[in-house]
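Asker: Mind looking over this structure? Questions follow.
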Amino acid sequence: MARRGSQAPPPPPDFEENIVDVDVSEEMRGSYLEYAYSVIYQRALPDARDGLKPVQRRILYSMNEMGLRPDRGHVKCARVVGEVMGKLHPHGDSAIYDAMVRLAQPWAMRIPLVDGHGNFGSLGGDDMPAAMRYTEARLSKAAMAMVASIDEDTVDFKPNYDGQETEPEVLPSAFPNLLVNGAAGIAVGMATNMAPHNLGEVVAAARHLLAHPDATLDDLMRFVPGPDLPTGGRITDLTGIRDAYAKGRGTFKTRATVQIDNVTARRKGIVVTELPYAVGPERVKAKIKELVQAKKLNGVADLKDLTDRNVGLRLVIEIKNGFNPEAVLADLYRLTPMEETFGINNVCLVDGQPRTLGLRELLQVYVDHRIEVVRRRSMFRRKKREDRLHLVDGLMVALLNIDEVIQVIRQSDDSSQAKQRLMQIFELSEIQAQYILDTPLRRLTRYDRLELEKEKEQLTKEIAALTAILESERKLRKVVSTELGEVAAEYATPRRTVLLESSGAVEATAVPLEIADDPVLVLMSSTGLLARTSSGDPLPTGGARSPHDVLASVVRTTARADVGLVTTAGRLIKVEVLDLPALPPTSAPPSLAGGAPIAEYVDLLPDERVVGLAALDDSGGGLALGTEQGVVKRVVPDFPANREEFEVIGLKDGDRVVGAVQLLSEDQHLVFMTDDAQLLHYSASLVRPQGRPAGGMAGIKLADGAKVIWFGAFSTDWEALVVTVSGSSTALPGTQNGAIKVADFADFPSKGRATGGVRSHRFLKGEDKLIQAWAGVVPLRATTENGRPIDIDEEIGRRDGSGTPLSAPIAAFGGPIGPLPDDPSESDAAAAELAGEQGGEVD
């Protein structure tokens, strides 16, 4: 370097000055466009096929190449970041680590793709994740489905940034990741913001589109009624969701899940257990404190954050005495992030071009991708098997001519001459001849010949099966559909977000007096979900099945009334109908997949469960109860208005309620079914009404050691079935499927109260009791524990016949609840009319 004040050295003799004049505006325009393209295609927008941005795809691919599978140990995230940055992603380590952290956050991803170990941040970004030198990670099980078959020529590969490595252009993606996990990104001149969905619902829609390529948006929305956010919460204003699914753009409101409860001896409070998507508790707390200090929010006495890893999110907002909690809650929804607007903007890359897609287009792009993946995989596997079959054919030729082959090899000067002579004499290809020369002599035995013949037969079958798939579009689609069903069965989880029918007006939801007291139906599913629906909506009576569609109890009431939950302990617990989620209009017939669990409304003992619903008015024939020890009771409502729960039957020690039914009239028949296969039914008029503290009367005469396992009621003129499932008392719970039998209820004669009934099932060898029983209106329905519908053969058997084995355990049976009065005010007239039609006689 020249010293200060000295002159610069002269240029070399061969130096030629070359100055190029450049238009600054053109240079800026070209450079900016290049930058914009890079951001759009290489950073911000996901591919519509696998739903991943380039950095996410490179992370998953690199982790798979590193062997960081779910059955291996975790490794430091710094190793993964270094591998991705050094080979595939020429950007900063912070960008790679931030993307990796998001893939591991269960509150950001509906199905996390990275299994993280350590501090990966907190909900809402209030707590930053630890440095990558401290955290560890590996692929999740769902991520293995994203990269499955990537080594079978299922996707195209391209050179990396320096041309020394290759990377996949897209992952095989065995499930619709873009719809399931959503995406968010800001590019130049465009942005994307896609909501997460439920894996089971999206897969069901994709399978329907595979089977019906001309399916409409309404057909697909039967399976995907709305987003399913990782943090749960409630979604209102379903109109915006319909617009987003149709046009790719729309908005909806997400609302926190709250419960108004007594938080202290003298105060009520608002308990927040779920927040809107991407909203953290610190943000809500800060906003509430700001509003209280500015005196814009009145009625808040205290705010406690009881969130921890054991109970999850729990914000308790105590309300001052004299303030209406519902009014305070309305202000919280209006003024704080407890209610947020989510704007859907489905922008993604399709064939390298950014496009805005609706639900049907997104599913179609993914389905086309999976069809291409399965087609290429089938071609790869067929080629592999054809190559192997070619070698097996050559080896079998050598086995059949083993002596000549050995002589040819011994008489050859070198391996090259041996290979040429084998090709000439036995008409072998070069590959076959080389394989014979490379095969050890110990394999050329009679036993290995049998193995080769068996292998050849197996290869021929596999090649034929793969060829059939490749030559038939229908079979190819069936394979794709079957694989999607398997992925959903393994990774799908129940819906977390409740869809509300409300238009989004906070005041209408928070202030009961502004809601019309219209008639509604309150529904309880066999899986323990509660919901309400307009009384004009149809009950499920047939057609396509939907999740959680087996109804255990239905009562008619009004929107501002209370409904009672009857438990096995003989308690009746009041619940406000307005607190129950309203089913969206897309559920017709109703599916309680959008309902709320009973645990959100009542606190039950460990061995206590809800067995039925009760209307708290004077309509119909009252509430009928049946117990395990054969006691029956009928209670005409005189329930106190100032108590939230009370006993409706005095139970003996060891007894419990097995069924509770709201009677339409006194002429309905009460039905008992016991575990020793006895069925008894008689008119409810034979049971006189009693007060709440009474213990009931004898309902059925039980044999020694027998107990009642089902109790219900319906009218004898309805078309009804009796279902019984037999099993062994020595088998452990959940280990036997049982033998099922379906009979016509009309074959069972009516008998008097407190008699023994008639036999409903004949036990086979190894069976000694009924493990399940049900009687109700057709069509018969069944479901698993998680609400998945199961089809049951309704072939009618003999009244006392034996059953046929079930292929899988069934959690509950059900069917439509019979005709209900049109309006609570008309209950007496409807009941009288129904009684007049039946004549009120007892057989």
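The values are calculated or read from the model by the stated rules, or taken from the named source; none is laboratory data. From a predicted model like this one, the values you see are computed outputs, not experimental measurements. Methodologically, a virtual Cβ is constructed for each residue, glycine included, from the backbone with ideal geometry; neighbour enumeration extends over all protein chains shown.
Asker: Give just the number: which of (1) under 31 Å from the mean Cα position of the chain (by Cα); (2) under 17 Å from Ala143 (Cβ atoms) does Val84 not satisfy?
Answerer: Against the list (1) under 31 Å from the mean Cα position of the chain (by Cα); (2) under 17 Å from Ala143 (Cβ atoms), Val84 comes up short only on (1).
Okay, residues lined up against (1) modelled with pLDDT of 95 or more; (2) within 27 Å of Ile40 (Cα to Cα); (3) among the polar types (S, T, N, Q); (4) more than 19 Å from the chain's Cα centre (by Cα):
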site: Ile111; (1), (2), (3), (4): yes, yes, no, no
site: Leu123; (1), (2), (3), (4): no, no, no, yes
site: Pro172; (1), (2), (3), (4): yes, yes, no, yes
site: Ala191; (1), (2), (3), (4): no, yes, no, yes
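Asker: Here is a further query. Quick one: would you say Leu764 is surrounded by 19 or more Cβ atoms within 10 Å (Cβ to Cβ) and either under 42 Å from the mean Cα position of the chain (by Cα) or not assigned by TED's automatic domain parsing to the domain that holds Asp791 (or both)? Show your work before the answer.
Answerer: On the way: surrounded by 19 or more Cβ atoms within 10 Å (Cβ to Cβ): no; either under 42 Å from the mean Cα position of the chain (by Cα) or not assigned by TED's automatic domain parsing to the domain that holds Asp791 (or both): yes.
Taking the combined requirement at face value, the residue does not satisfy it.
Asker: While we're here: For the range 721-775, enumerate the residues that are charged (D, E, K, R) and part of a loop (DSSP other than H, G, I, E, B).
Answerer: Filtering the range 721-775 for residues charged (D, E, K, R) gives 741, 744, 747, 751, 753, 759, 762, 765, 767-769.
Within the range 721-775, Lys751, Arg753, Arg762, Lys765, Glu767, Asp768 meet the criteria.
Asker: Can you find a residue that is at pLDDT below 80, within 25 Å of Arg788 (Cβ to Cβ) and part of a loop (DSSP other than H, G, I, E, B) anywhere in the range 618-632?
Answerer: no
Asker: Filter the range 274-307 down to residues that are among the basic types (Lys, Arg), surrounded by 17 or more Cβ atoms within 10 Å (Cβ to Cβ) and touching a strand residue (DSSP E or B) at 6+ places or on another chain (Cβ under 9 Å), then give me how many there are.
Answerer: Residues meeting the conditions: 1.
Asker: Could you tell me which residue of the range 552-575 is nearest to Thr627 (Cα to Cα), considering only residues that are in a strand (DSSP E or B) and in contact with a helix residue (DSSP H, G or I) (Cβ under 8 Å, 6 or more places away or on another chain)?
Answerer: Step one: filter the range 552-575 for residues in a strand (DSSP E or B), giving 552-558, 562-567, 571-575.
Adding the requirement that they be in contact with a helix residue (DSSP H, G or I) (Cβ under 8 Å, 6 or more places away or on another chain) leaves 556-558, 562-563, 565.
Values: Arg556: 24, Thr557: 26, Thr558: 29, Asp562: 25, Val563: 21, Leu565: 16 Å.
For the range 552-575, the residue satisfying everything is Leu565.
Residues checked against (1) modelled with pLDDT of 90 or more; (2) small (Gly, Ala, Ser):
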site	(1), (2)
Asp237	no, no
Ala265	no, yes
Val271	yes, no
Val279	yes, no
Ala286	yes, yes
Glu290	yes, no
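Yes or no, residue by residue, for (1) surrounded by 22 or more Cβ atoms within 10 Å (Cβ to Cβ); (2) modelled with pLDDT of 95 or more; (3) over 27 Å from Asp156 (Cα atoms):
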| position | (1), (2), (3) |
| --- | --- |
| Met63 | yes, yes, no |
| Leu68 | yes, yes, no |
| Val80 | yes, yes, no |
| Gly92 | no, no, no |
| Ala108 | yes, no, yes |
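Asker: Counting just the residues of the range 785-816 that are of a type in the set (Asp, Glu) and in contact with a strand residue (DSSP E or B) (Cβ under 8 Å, 6 or more places away or on another chain), which one comes out nearest to Ser546 (Cα to Cα)? Full working, then the answer.
Answerer: Of the residues in the range 785-816, the ones of a type in the set (Asp, Glu) are 785, 791, 793-795, 800.
Adding the requirement that they be in contact with a strand residue (DSSP E or B) (Cβ under 8 Å, 6 or more places away or on another chain) leaves 791, 793-795, 800.
Details: Asp791: 12, Asp793: 18, Glu794: 19, Glu795: 22, Asp800: 32 Å.
Per the criteria, the residue is Asp791.
Asker: Which of the numbered conditions does Pro749 fail, given that it passes all the others? Conditions: (1) under 17 Å from Val632 (Cα atoms); (2) at pLDDT 90 or above.
Answerer: Failed condition: (1).
Asker: Applying the selection to the range 644-656, what residues are in contact (Cβ under 8 Å) with a residue 40 or more places away in the chain and either outside any strand (DSSP E or B) or more than 40 Å from the chain's Cα centre (by Cα) (or both)?
Answerer: Glu644, Val648, Ile649, Gly650, Leu651, Lys652, Arg656
Asker: What helices (runs of 4 or more DSSP H) completely inside the range 130-247 contain at least 3 residues that are of a type outside the set (Ser, Thr, Tyr), assigned by TED's automatic domain parsing to the domain that holds Val75 and touching a residue at least 24 places away in the same chain (Cβ under 8 Å)? It would help to see each step written out before you state the result.
Answerer: Working: elements: 141-147, 177-181, 199-211, 217-221, 238-247.
Here the list reads 141-147.
Asker: When the range 583-598 is examined, which residues are found to be surrounded by fewer than 24 Cβ atoms within 10 Å (Cβ to Cβ), at pLDDT below 85 and among the hydrophobic types (A, V, I, L, M, F, W, C)?
Answerer: If the condition is that a residue be surrounded by fewer than 24 Cβ atoms within 10 Å (Cβ to Cβ), at pLDDT below 85 and among the hydrophobic types (A, V, I, L, M, F, W, C), then Ala588, Ala596 are the ones that fit.
Asker: Can you list the helices (runs of 4 or more DSSP H) lying wholly within the range 445-519 that have 2 or more residues being at pLDDT below 80?
Answerer: Numbers: elements: 446-471, 473-491, 506-510.
Where helices (runs of 4 or more DSSP H) fall fully within the range 445-519 and carry at least 2 residues being at pLDDT below 80, they are 446-471, 506-510.
Asker: Mind checking which residues of the range 22-54 are among the small types (Gly, Ala, Ser) and at pLDDT 85 or above?
Answerer: Of the residues in the range 22-54, the ones among the small types (Gly, Ala, Ser) are 25, 30-31, 36, 38, 44, 48, 51.
Within the range 22-54, Ala48, Gly51 meet the criteria.
Asker: Can I ask one more? So if I check each of Val101, Val84, Val39, which one is outside any loop (DSSP other than H, G, I, E, B) and within 30 Å of Leu313 (Cβ to Cβ)? Lay out the reasoning, then the answer.
Answerer: Numbers: Val84 fails: within 30 Å of Leu313 (Cβ to Cβ); Val39 fails: within 30 Å of Leu313 (Cβ to Cβ).
Just one listed residue meets the conditions, Val101.
Asker: Would you mention how many residues in the range 42-72 are in a loop (DSSP other than H, G, I, E, B) and either in contact (Cβ under 8 Å) with a residue 12 or more places away in the chain or under 27 Å from the mean Cα position of the chain (by Cα) (or both)? Full working, then the answer.
Answerer: The initial filter retains those residues of the range 42-72 that are in a loop (DSSP other than H, G, I, E, B), namely 45-46, 48-53, 66-72.
Going one step further and asking which of them are either in contact (Cβ under 8 Å) with a residue 12 or more places away in the chain or under 27 Å from the mean Cα position of the chain (by Cα) (or both), we end up with 45-46, 48-53, 66, 68-72.
Qualifying residue count for the region: 14.
Asker: Let me ask something else about it. Which ones in the range 229-244 are closer than 19 Å to Val258 by Cβ and touching a Leu at 6+ places or on another chain (Cβ under 9 Å)?
Answerer: First, pick out the residues of the range 229-244 that are closer than 19 Å to Val258 by Cβ: 229-237.
Thr231, Gly232, Gly233, Arg234, Ile235, Thr236, Asp237 - these are the residues of the range 229-244 that are closer than 19 Å to Val258 by Cβ and touching a Leu at 6+ places or on another chain (Cβ under 9 Å).
Asker: Which one of the conditions (1) buried (at least 17 other Cβ atoms within 10 Å of the Cβ); (2) under 21 Å from Met396 (Cβ atoms); (3) at pLDDT 95 or above; (4) not polar (S, T, N, Q) does Phe426 fail to meet, given that it meets all the rest?
Answerer: (3)
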